[in-house]
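S.K.: For reference, the structure I am asking about is given below.
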Number of protein chains: 2
Amino acid sequence: MKRSNRLVVLTDFFLENPRKHIQLPYFVTICETTKSSISEDLDIINEVFQNQGMGYLQRSTGAGGGVKYIPAFSRENSMQFIEELRKKLEDPARILPGGYLYMSDLLGDPRTVREIGRVFASAFSKVKIDVIVTVATKGIPLAYAVASFLNVPVVIARRDPKVTEGSSVSINYVSGSSRKIQTMVLPKRSLEEGANVCIIDDFMKAGGTITGMINLLAEFDARVQAIGVLAEADDEEEERVINNYTSLVKITNVDIRHNKIEIQSGNYVENHTDS
Amino acid sequence: MKRSNRLVVLTDFFLENPRKHIQLPYFVTICETTKSSISEDLDIINEVFQNQGMGYLQRSTGAGGGVKYIPAFSRENSMQFIEELRKKLEDPARILPGGYLYMSDLLGDPRTVREIGRVFASAFSKVKIDVIVTVATKGIPLAYAVASFLNVPVVIARRDPKVTEGSSVSINYVSGSSRKIQTMVLPKRSLEEGANVCIIDDFMKAGGTITGMINLLAEFDARVQAIGVLAEADDEEEERVINNYTSLVKITNVDIRHNKIEIQSGNYVENHTDS
């Protein structure tokens, strides 16, 4: 295979298989070439990936050595995306009765969702994560987007146990926004004991749902290594129970009377320096 | 930018932006090169995409002309994937009480989910689709995977209306498996009138849930152009109410006594010739 064709094949392979360790002989075979040619190809791809702020190829030598694509948005790319998101969310047409914010259009756009996943995966790039956990429903697409870049599975906690998932563990928790006691369920089979978990959700106010997830995960002896929420909102009545989280945007004011929304960038911006 | 670098940049661009129409001057600018060089690059990429069974670049000439990447798995790639899926599902350890099949591990794996999306997107490659609709919860990741290849948004019908989505339209339907009357809700704002819809779900038995979705979509004057279900199961007691659908696998027998599962390939295999 010619270099130009190999570059297309290899680029596609890395983008479809982030964080997958590959030994060079595999590429030598599929590209019908030599190890030194593959090595030069990888240098080119690594250079472009870095220049574009898309991450880098991690090479390792010795027996079992090889290469792995680590997707990591540059801070600049992440900041630009968060800023665009922030502006879109400030559109007053998003205000719903009760001061809620309509976000379903953004969460329904696969490209936006994928970019949110890329930003979180970049922020948590150096954290040990075995599995992404979210709770139905709106966090699900975000969880998959993060998982696809980190190359780990997704486990979904539900508010209603389903017969088709076997035996399960459940807990009760108090949801911050509705102040109701709710149930959260995770199938027993879904999580290994001691797993390193990243929690992803779309929205956090007082943090009741995330606290519920943490408590539920404790039943599996899981280690919560990272928490990512797309949007956080101030809760004046209640102090936040969760501190160690990463948010992309912060809803600081929804003024129904003056039809105005104020959105700031989330704590991602302060907490994450260049990755 | 050198050709080798351009090939990496362009390949990345197409994979991240399927079905997006781009005029060549855009690439000329970001790659700092000439139109004829870009044109040659596109020929190389198109050739590799086709050889790998990943789809093709669709070129158009004249004013406003440009290029679009159409992801389309070759029939061979799709068949191979369905066969692997079929074998994984036949594992007797998947049998749950009541004769249900544990699939959450496969639906929790982002790579498997993405491939399922790719197969459906390839099957519906020539159908006019504006939006993917699914119902919470398990169909959601599949819906996003299909949507990401078709470059269209996802709309999620819920079984419980949420206050954060504004006014909504709801219908009642009879779920085939539980025989209970259930409610399905779609926010009014989520779907334009007359939209061309593709319904995606993980599982279909008698087809009650899908019928519910069709009835709900009728309230929006939507046109259901395609229906894709990952797994269908025979329902001996009830005749299927939906006929025009595409399934990847078919659960033909779950024998609890002999601890045996029989999975056949779905109707995709008969219905879809090479794309």
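S.K.: Restricting attention to the stretch B:193-275, which GluC sites (Glu not before Pro) occupy a DSSP loop and are surrounded by at most 16 other Cβ atoms within 10 Å? Could the numbers behind the result be given before it?
M.R.: On the way: sites: B:Glu193, B:Glu219, B:Glu232, B:Glu236, B:Glu237, B:Glu238, B:Glu239, B:Glu262, B:Glu270; in loops: B:Glu193, B:Glu219, B:Glu236, B:Glu237, B:Glu238, B:Glu239.
Answer in residue order: B:Glu193, B:Glu219, B:Glu236, B:Glu237, B:Glu238, B:Glu239.
S.K.: Now for a separate question. Quick check: Cα centre of the stretch B:113-162 to Cα centre of the stretch A:107-179, how many Å?
M.R.: Answer, in whole Å: 18.
S.K.: Mind checking the log10 I(q)/I(0) for the stretch A:114-185 at q = 0.23, 0.25 Å⁻¹? Debye, one equal scatterer per Cα, no solvent, two decimals.
M.R.: Debye output, listed in q order: -1.00, -1.05.
S.K.: Report the convex hull volume per residue for the stretch B:33-89, counting only C-alpha atoms, in Å³.
M.R.: Numbers: hull volume 5.3 nm³, N = 57.
So the per-residue hull volume is 92 Å³.
S.K.: Efficiency by 1/(1 + (r/R0)^6): what FRET value for B:Thr183 and A:Met79, r their Cβ-Cβ distance, R0 = 45 Å, to the nearest 0.05?
M.R.: Working: r = 42 Å, r/R0 = 0.94.
So the FRET efficiency works out to roughly 0.60.
S.K.: Same structure, new question: At 222 nm, what helix-only mean residue ellipticity would the protein assembly as shown give, in deg cm²/dmol to the nearest 500, using -39500 (n - 2.57) for each DSSP H run of four or more? Let's see the in-between values first.
M.R.: Values: 18 runs with 198 residues, N = 550.
Mean residue ellipticity, 222 nm, calculated: -11000 deg cm²/dmol.
S.K.: So, one more: Of B:Pro25, B:Pro153, A:Gly64, which is farthest towards the positive pole of the protein assembly as shown's charge dipole, taken about the Cα centre with +1 and -1 on the beta-carbons of Lys, Arg and Asp, Glu respectively?
M.R.: Final value for the positive-end residue is B:Pro25.
S.K.: Let me see the pair-distance distribution of the stretch A:3-71: every alpha carbon pair, 5 Å bin width, integer percents in order.
M.R.: 3, 18, 32, 29, 14, 3, 0
S.K.: Continuing with this model, one more query. State log₁₀ I(q)/I(0) for the stretch A:176-231 at q = 0.31 Å⁻¹ as given by the Debye formula over alpha-carbon point scatterers of equal weight, solvent excluded.
M.R.: Each listed q corresponds, in turn, to -1.32.
S.K.: Once the Cα gyration tensor of the stretch B:43-199 is diagonalised, what are the square roots of 5 times its eigenvalues, in whole Å and ordered largest first, as equivalent ellipsoid semi-axes?
M.R.: So the equivalent ellipsoid measures 32, 26, 11 Å along its semi-axes.
S.K.: Please list, by residue number, every one of the GluC sites (Glu not before Pro) in the stretch A:1-45 that is coil in DSSP and has at most 16 other beta-carbon atoms within 10 Å. Walk me through the intermediate numbers first.
M.R.: Numbers: sites: A:Glu16, A:Glu32, A:Glu40; in loops: A:Glu32.
Filter output for the stretch A:1-45: A:Glu32.
S.K.: Quick one: with label points 7 Å out along Cα→Cβ, list the inter-copy distances for A:Asp43 in nm, shortest first?
M.R.: A:Asp43 label point versus its equivalents elsewhere: 2.8 nm.
S.K.: Given R₀ = 22 Å, FRET efficiency for B:Asp91-A:Lys162 by Cβ-Cβ distance, to 0.05? Don't skip to the end; give the middle numbers.
M.R.: Details: r = 20 Å, r/R0 = 0.90.
With R0 = 22 Å, the Cβ-Cβ based efficiency is 0.65.
S.K.: Figure the gain on full extension for A:Asp235 and A:Ser37 (residue separation times 0.36 nm, minus the Cα-Cα span) and round it to one decimal in nm.
M.R.: Working: separation 198, 0.36 × 198 = 71.28 nm, distance 5.75 nm.
Gain in length upon complete extension: 65.5 nm.
S.K.: Across chain B, where is the longest run that never hits trypsin sites (Lys or Arg not before Pro) in a DSSP loop with at most 14 other C-beta atoms within 10 Å?
M.R.: Values: sites that count: B:Lys2, B:Lys20, B:Lys126, B:Lys128, B:Lys162, B:Arg179, B:Lys180, B:Arg257.
It runs B:21-125.
S.K.: Let me make sure I get this right: for the stretch A:171-275, a, b and c are the square roots of the gyration tensor eigenvalues over alpha carbons, sorted descending. Under 1.5 in a/c it's rounded, otherwise prolate if a/b > b/c, else oblate. Which is it?
M.R.: Details: a/c = 2.87, a/b = 1.45, b/c = 1.98.
Cα axes put the stretch A:171-275 in the oblate bin.
S.K.: If you count the DSSP beta bridges with both ends in the protein assembly as shown, what percent of them are antiparallel, to the nearest 5?
M.R.: On the way: 46 of 86 bridges.
In the protein assembly as shown, DSSP labels about 55 percent of beta bridges as antiparallel.
S.K.: Assuming 0.692 mPa s and 37 °C, estimate D for the protein assembly as shown with Stokes-Einstein, Rh taken as the Kirkwood radius over Cα pairs, in µm²/s. Please list the in-between numbers first.
M.R.: Values: Rh = 24.6 Å.
The estimated diffusion coefficient comes to 133 µm²/s.
S.K.: Let me ask something else about it. What is the percent of Cα-Cα separations in chain B that go past 36 Å?
M.R.: On the way: 8901 of 37675 pairs.
Counting every Cα pair in chain B, those more than 36 Å apart make up 24 percent.
S.K.: To check you understand DSSP bridge types, tell me what percent of the beta bridges within chain B (both residues inside) are antiparallel, rounded to 5. Can you show the working numbers first?
M.R.: Working: 23 of 43 bridges.
Restricted to chain B, the bridges split so that about 55 percent are antiparallel.
S.K.: With a cut-off of 8 Å between alpha carbons and a minimum separation of six or more residues, what is the relative contact order of the stretch B:75-271 in percent? Each step should come with its number before you reach the end.
M.R.: Details: 386 pairs, mean separation 39.5, N = 197.
Relative contact order comes out at 20 percent.
S.K.: Using the Cα gyration tensor of the stretch B:9-117, with a ≥ b ≥ c the square roots of its eigenvalues, what is the shape: rounded (a/c below 1.5), prolate (a/b larger than b/c) or oblate (neither)?
M.R.: Working: a/c = 3.84, a/b = 3.06, b/c = 1.25.
Prolate, because a/c is 1.5 or more and a/b exceeds b/c.
Read-outs: derived from the displayed coordinates by stated rules, not from any lab. On a predicted model such as this, the values are computed, not experimentally measured, just so you know. Reconstructed Cβ throughout: ideal geometry from the backbone, glycine too, with neighbour counts over all protein chains shown.
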